[in-house]
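S.K.: Just dropping this structure here.
The values are calculated or read from the model by the stated rules, or taken from the named source; none is laboratory data. Not measured: the values here are computed from a predicted model. Every residue, glycine among them, receives a Cβ derived from its backbone with ideal geometry; neighbour counts consider all protein chains shown. To get the accessible areas, we keep the full protein, side chains included, count just its heavy atoms, and leave off ligands, DNA and RNA. Shrake-Rupley method; radii C 1.70, N 1.55, O 1.52, S 1.80 Å.
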Amino acid sequence: MANPADTKFNIIRETVEGTTPTTPAFTSLEYSSGNDLKVDSKTISSEVMRQSRTATGHRKVGKKTTGSFKFPLRRDTATDLLLESVCSGTFVSDVLKGGNTDTFHTIEKQMKEGATTLYFAYAGQIATKFGLSVTPDGFADVTFETTGLAKTQRTAIITGATYAAATQGPLLAGPDITVSIAGLTADYASFDFSIDQSRDAKLKLGAVSAFGTGTVTNRAVKFTAKIFRKDLSPETTFTADTPVNIVITMGSAGNGYSITIPAAVCTVDPTDEVSSASALVSLEFTAANDTTTGTDVIITRL
């Protein structure tokens, strides 16, 4: 029987949405226990009445695939692919800006059953959400959620396929990370950052599975920080709805990323909180379009 500990995930960018490259050069994708991809479908049941009171029949339709991955952040070539996907952009000279160019991937899952490798391919995967959560005494944990097209399975490697480990830097944790919010001098207890891009399956007659994925709404970029209370600056700084610049620096040159929100608006009034022996202030920001950079979020490889 297959063991969960022997599972492996790999990823490759597609040139055509939903089509795995002919001789794919896969890169390993990190994951945590419980992370996986699955097929989501809609079950329809006939409402035809029968004297025996038994259901006439059922069908599975509207199939699509979804996935979820969580792991500690570090500079990683596979992570770069998913960051580009959720931001709808590409790194240019190590700079990625939120845009409108979508990229799709095949994510392959491998399981071992004795000497046999079981392969499950999830094509047309595109990231719908990126989350980053940081505390002083923990890893910088990231989560990615994806959606895509059909799932296929086989017991033989794709002819010509190659597999390589991702190029990685050291794991990043709270001590490696700083935050700067324009106009505010503060000590940070924790923060959460997210990019949410709503997407959904395209369905057509004559097919049981989605043939494409469409983008539904504008990208939502949010940042929530908890700072230690020491003065009135949270209230005096963010009373008006004036956008401010936020920069998150994670790691160092060659081994990290920075995230910039060039026009972040404090959308909830500062709120007091108590955590153990600390008086904190919770600050919530939502990104708007910055006319200078032409985007709402910038991710830079350090």
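S.K.: What are the ³J(HN,Hα) couplings of region 250-259, residue after residue, when phi is run through the Karplus curve with 6.51, -1.76, 1.60 and θ = phi - 60°? Round to Hz, x for glycine and proline.
M.R.: Once rounded to whole Hz, the list reads 10, x, 10, 3, x, 9, x, 9, 10, 10.
S.K.: Identify all lysines with a Cα-Cα distance to Lys226 below 30 Å; exclude those on the same chain that are fewer than 8 residues away in sequence.
M.R.: Partners found: Lys70, Lys97, Lys129.
S.K.: So if I place +1 on the C-beta of Lys and Arg and -1 on the C-beta of Asp and Glu, and nothing else carries charge, what would the dipole magnitude of the chain be about its Cα centre? I want it in debye, nearest 20.
M.R.: Details: 28 positive and 31 negative charges, 341 e Å.
For the chain, the charge dipole is close to 1640 debye.
S.K.: What order do Lys38, Lys226, Lys8 take when sorted by accessible area (1.4 Å probe), most exposed first?
M.R.: Order by accessible area, largest first: Lys38, Lys8, Lys226.
S.K.: Report, in deg cm²/dmol and to the nearest 500, the calculated mean residue ellipticity at 222 nm for the chain, where each DSSP H run with n ≥ 4 adds -39500 (n - 2.57) and the sum is divided by the residue count. Before the final figure, lay out each step's value.
M.R.: On the way: 2 runs with 16 residues, N = 302.
Here the helix-only value at 222 nm equals -1500 deg cm²/dmol.
S.K.: Moving to a separate point now. Per residue, how much accessible surface does region 1-65 expose to a 1.4 Å probe? Answer in Å², no decimals.
M.R.: So region 1-65 comes to 70 Å² accessible per residue, rounded to a whole number.
S.K.: Compute and list, largest first, the equivalent-ellipsoid semi-axes of region 68-136 from the alpha carbon gyration tensor, each √(5λ) rounded to a whole angstrom. Write down the numbers at each step before the final one.
M.R.: Values: eigenvalues 141, 57, 23 Å².
Three semi-axes, in Å: 27, 17, 11.
S.K.: Around Thr267, which amide H atoms from residues at least 5 apart in sequence, or from another chain, sit under 5 Å from its own amide H, with H modelled in the peptide plane?
M.R.: Long-range HN contacts for Thr267: Glu284, Phe285, Thr286.
S.K.: Pick out, from Thr43, Gln110, Ile158, the residue whose Cα sits farthest towards the positive end of the charge dipole of region 27-160, with +1 on the Cβ of Lys and Arg and -1 on the Cβ of Asp and Glu.
M.R.: The Cα lying farthest towards the positive end belongs to Thr43.
S.K.: For region 199-240 and region 42-85, what is the separation of their C-alpha centers, rounded to whole Å?
M.R.: Cα centroid of region 199-240 versus Cα centroid of region 42-85: 22 Å apart.
S.K.: What's the carbon and sulfur percent of region 169-229's accessible surface, probe 1.4 angstrom, rounded to a whole number?
M.R.: The C+S portion of the solvent-accessible surface of region 169-229 is 52 percent.
S.K.: Hey, what angle do you get for helix 77-87 against the long axis of the chain, alpha-carbon based, 0 to 90 degrees rounded to 10?
M.R.: Taking Cα atoms only, the helix is inclined about 80 degrees.
S.K.: Taking only protein heavy atoms and a 1.4 Å probe, what accessible area per residue, in Å², does region 175-247 have with all protein chains in place?
M.R.: Each residue of region 175-247 exposes 55 Å² on average to a 1.4 Å probe.
S.K.: Give the carbon-plus-sulfur fraction of the accessible surface of region 17-163 in %, rounded to a whole number; probe 1.4 Å, heavy atoms of protein chains only.
M.R.: Carbon with sulfur: 50 percent of the solvent-accessible area.
S.K.: Something else about it: According to the Kirkwood expression over distinct Cα-Cα pairs, how big is the hydrodynamic radius of region 150-302, in Å?
M.R.: With all distinct Cα pairs of region 150-302 included, I get 18.9 Å.
S.K.: Got a sec to turn the phi values of region 239-249 into Karplus ³J(HN,Hα) couplings, 6.51 cos²θ - 1.76 cosθ + 1.60 with θ = phi - 60°, whole Hz, x for Gly and Pro?
M.R.: Those phi angles translate into 5, 7, 8, 7, x, 10, 8, 10, 10, 10, 10 Hz.
S.K.: Using a Cα-Cα cut-off of under 21 Å, which lysines could be cross-linked to Lys112, ignoring same-chain neighbours fewer than 8 residues away?
M.R.: Lys8, Lys38, Lys151
S.K.: Whole number please: convex hull volume per residue of the Cα set in the chain, in Å³? Intermediate values should be presented prior to the final figure.
M.R.: Numbers: hull volume 61.7 nm³, N = 302.
Dividing the Cα hull volume of the chain by its residues yields 204 Å³.
S.K.: Give me a comma-separated list of calculated 3J(HN,Hα) values for region 109-126, in order, Karplus coefficients 6.51, -1.76, 1.60 applied at θ = phi - 60°, integers in Hz, x for any Gly or Pro.
M.R.: For region 109-126, the Karplus-derived couplings read 9, 10, 10, 9, 10, x, 8, 9, 9, 9, 10, 10, 10, 10, 8, x, 6, 9 Hz, x marking Gly and Pro.
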